[in-house]
Structures are given as C-alpha cells and as structure tokens.
1. Name the single residue that is farthest from the chain's Cα centre (by Cα) among those in the range 80-97 being in contact (Cβ under 8 Å) with a residue 12 or more places away in the chain and loosely packed, with under 14 Cβ neighbours inside 10 Å.
2. Check 132, 88, 114, 106 and return the single one that is within 19 Å of residue 53 (Cα to Cα) and at pLDDT 90 or above.
3. Is it true that some residue in the range 146-153 is within 19 Å of residue 72 (Cα to Cα) and surrounded by fewer than 15 Cβ atoms within 10 Å (Cβ to Cβ)?
4. Within the range 65-75, track down each residue that is closer than 20 Å to residue 164 by Cβ and touching a residue at least 40 places away in the same chain (Cβ under 8 Å).
5. Consider residue 149 against the criteria (1) of a type in the set (D, E, K, R); (2) touching a Pro at 6+ places or on another chain (Cβ under 8 Å); (3) within 18 Å of residue 65 (Cβ to Cβ): it satisfies all of them except one. Which criterion is unmet?
6. Suppose the filter is modelled with pLDDT of 75 or more and surrounded by 12 or more Cβ atoms within 10 Å (Cβ to Cβ); does residue 42 pass it?
7. Among the listed residues 163, 132, 106, identify the single one that is part of a strand (DSSP E or B) and either buried (at least 16 other Cβ atoms within 10 Å of the Cβ) or touching a helix residue (DSSP H, G or I) at 6+ places or on another chain (Cβ under 8 Å) (or both).
8. Of everything in the range 111-127 that's over 22 Å from the mean Cα position of the chain (by Cα) and part of a helix (DSSP H, G or I), which residue is surrounded by the most Cβ atoms within 10 Å (Cβ to Cβ)?
Amino acid sequence: MSNDDSTVAPSRTLISTVLMIVSFAVVVVASLALVYQLHNPPGDPGGHILARLRLVSGAVPKTSAVLMAFYDEPKPDSLDGIAGTQCLDDVTVQINFRWDRSGKGLIDYASTQLTKLGWSAPSVSTSNGSPLAHWRSQRRGWSVSLENDGPFGWELVAQAPPLGGGSHCG
C-alpha cells in the first residue's frame, strides 16, 4: 500500500505544480495586456503618431509667448453626437501663442520649419484681413493650420487620423 501512495503523491504534486505555473502565466499575460492597453491608447499604438506630430511645435517661434499647448491622443467619441455611434477623434497638437510681429513673417518662419520636416508649401489665404496658412503632409490626412485667433494671438493646429479599424470622426 505504501507503494501506491508514493506513486499517487508525486503525480498529484506534479499536476498541482503544472496548474500553478499555468495559472501564474495566465495572470502575467493578462496583466501585461492590461498595462499595454492603458499605455497605448486606441488609434495611436505606442504614441508614434503623436510623437511625429509634436515636431510641428518647432513652427512656433522661440521668441513667442506660448499661452497653452495640448497634445491629444485619439479618444472615443460619437459620430456627430448621434447616440449609439462611436468613432475616434484625430491625434491633435494645438498651440496657442502670442506673436507681436507680422503675420507674413510668422507664416514664412513656420513654413521654413515645417518644410524641413517634409510638409508641403503652405496654402495661404486671408480670413477677416488676417493671414491663414495650411500645410499638408505626404501622409494621408495629416494637416497643419496656422491662423490669427483674434485677441488671443495665434493658433497652430496639427491633426492626423487615428490608426486602426474603428470609425474615424473626422
């Protein structure tokens, strides 16, 4: 009888050990997946789009006074406020700043900086007597705009569509 007990005991110990290892592995994989999801928002895995889009901040002259700057990953939203629909906002960089020199000089400076980064020559127009400029990237859907924001100074906005299979709000 003691032989039977000795052969059963190791197999139970082996099964228990294997189950503990498998359970531990499942917990580790689930934890890693959760951490990945928390640090990699949907639409911009690893933050690569935002990292590239942040480079446009170099189009804001160093001598200007930055009032606020936002660097936003895509967030879930609804399609035009329609209940039950969902999409992802653009990856966005928005910088508001004061510039007390000419608008043309600012656009020329921004254009030089953005051209170095591979953006197109600007499309320049006027809005309410103030210059307005738009640049396009070779990447589909990427854009930068620079416009006078009235008494608040100037606003530089860069946007890029999110990645992935979800609907895009823009």
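1. Just the residues of the range 80-97 that are in contact (Cβ under 8 Å) with a residue 12 or more places away in the chain, to begin with: 85-97.
Then keep just the ones that are loosely packed, with under 14 Cβ neighbours inside 10 Å; that gives 85-86.
On the way: 85: 21, 86: 18 Å.
Among residues in the range 80-97 that are in contact (Cβ under 8 Å) with a residue 12 or more places away in the chain and loosely packed, with under 14 Cβ neighbours inside 10 Å, the one farthest from the chain's Cα centre (by Cα) is 85.
2. Details: 132 fails: within 19 Å of residue 53 (Cα to Cα); 88 fails: at pLDDT 90 or above; 106 fails: within 19 Å of residue 53 (Cα to Cα).
Exactly one residue qualifies, and that residue is 114.
3. Taking the range 146-153 first, the residues within 19 Å of residue 72 (Cα to Cα) are 146.
Remaining after also requiring surrounded by fewer than 15 Cβ atoms within 10 Å (Cβ to Cβ): none.
There is no residue in the range 146-153 that is within 19 Å of residue 72 (Cα to Cα) and surrounded by fewer than 15 Cβ atoms within 10 Å (Cβ to Cβ).
4. Here is the first cut: in the range 65-75, the residues closer than 20 Å to residue 164 by Cβ are 71-75.
Scanning the range 65-75 gives a single hit, 74.
5. Only one criterion is unmet by residue 149, namely (2).
6. On the way: modelled with pLDDT of 75 or more: no; surrounded by 12 or more Cβ atoms within 10 Å (Cβ to Cβ): yes.
No, not satisfied.
7. Numbers: 163 fails: part of a strand (DSSP E or B); 106 fails: part of a strand (DSSP E or B).
Within the list 163, 132, 106, the selection yields 132.
8. Going residue by residue through the range 111-127, those that are over 22 Å from the mean Cα position of the chain (by Cα) are 111-112, 121-127.
Among the residues that remain, those that are also part of a helix (DSSP H, G or I) are: 111-112.
Numbers: 111: 19, 112: 11.
The selected residue is 111.
The values are calculated or read from the model by the stated rules, or taken from the named source; none is laboratory data. Computed from a predicted model, the values in this text were never measured in an experiment. Note that we place each Cβ from the backbone using ideal geometry, even for glycine, and neighbour counts take in every protein chain shown.
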